[in-house]
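Q: Submitted below is the structure of interest, expressed as structure tokens.
Since every read-out is calculated from the coordinates, none of them should be taken as a lab result. Since the structure is predicted, the reported quantities are computational estimates derived from the model, not experimental observations. Cβ placement follows ideal geometry from the backbone for every residue including glycine, while neighbour counts extend to all protein chains displayed.
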């Protein structure tokens, strides 16, 4: 659906004229659509993109905004020149293996999260020249005009309509109906989470040592 079609469905559900709404402006509805898209991307990992980073000698840490301005979080890293997927571990795993792990250099085999905007690789990069492919969860791009379409599947776009109706009902102080619509929106959101495989991503917990990280801790590497 285009932004115009999304806005029309939202306004009609609110018993407003799509061409000349009284209680809402078109700009307000457009803002709500963008807000709903951000919620969908954050809660359901609905937008995934890829970036490439050149390797530089001695590098351990990477700021996500230095790689892509729309990056929410990385979820998979590859060394493209070695065709190697890096294994996600925690700082706990690294410290348990070797307190001086930060001094180790070589071709990276693992990656770890440091904070919401920073991640690192281990070992530290010994020599430049290669490339890391970063698959990441992204914030959605803003819709530019009424003919523009959100980058979601149609089922997710239905969720944007529900979110818009929910926000509109709140503005109209119709809390009872708003809660009913919000419940429908949550159902759509849960369906989107399943569709985009978020359960699989949640299962890769950095806090809980996995069987693979147990092997890593005892020096067993591939």
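Q: Which of the residues belonging to the range 88-147 are within 30 Å of residue 32 (Cβ to Cβ) and without any contact (Cβ under 8 Å) to a residue 60 or more places away in the chain?
A: Within the range 88-147, 116, 117, 144 meet the criteria.
Rundown of residues vs (1) outside any loop (DSSP other than H, G, I, E, B); (2) on the phi < 0 side of the Ramachandran plot; (3) surrounded by 13 or more Cβ atoms within 10 Å (Cβ to Cβ), yes/no style:
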| position | (1), (2), (3) |
| --- | --- |
| 136 | yes, yes, yes |
| 140 | no, yes, yes |
| 143 | no, yes, yes |
| 155 | yes, yes, no |
| 170 | yes, yes, yes |
| 173 | no, no, no |
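Q: While we're looking at this one, here's another question. Hey, can you tell me all the residues within the range 17-54 that are crowded, with 19+ Cβ neighbours inside 10 Å and either out of contact with any helix residue (DSSP H, G or I) (no Cβ under 6 Å at 6 or more places or on another chain) or closer than 17 Å to residue 151 by Cβ (or both)?
A: Within the range 17-54, 24, 30, 33, 36, 37, 40, 41, 44, 45, 46, 47 meet the criteria.
Q: Taking the range 17-60, which residues are within 21 Å of residue 80 (Cα to Cα) and either outside any strand (DSSP E or B) or without any contact (Cβ under 8 Å) to a residue 40 or more places away in the chain (or both)?
A: 55, 56, 57, 58, 59, 60 - these are the residues of the range 17-60 that are within 21 Å of residue 80 (Cα to Cα) and either outside any strand (DSSP E or B) or without any contact (Cβ under 8 Å) to a residue 40 or more places away in the chain (or both).
Q: Continuing with the same structure: Could you please give the count of residues in the range 61-97 that are surrounded by fewer than 16 Cβ atoms within 10 Å (Cβ to Cβ) and assigned to a helix (DSSP H, G or I)?
A: So the answer is 5.
Q: A follow-up question, please. Does at least one position in the range 154-169 carry a residue that is under 25 Å from residue 63 (Cβ atoms) and touching a helix residue (DSSP H, G or I) at 6+ places or on another chain (Cβ under 9 Å)?
A: The answer is no; no qualifying residue exists.
Q: Can you tell me which residue in the range 1-16 is farthest from residue 72 (Cα to Cα), limited to those that are in contact with a helix residue (DSSP H, G or I) (Cβ under 6 Å, 6 or more places away or on another chain) and in a loop (DSSP other than H, G, I, E, B)?
A: 14
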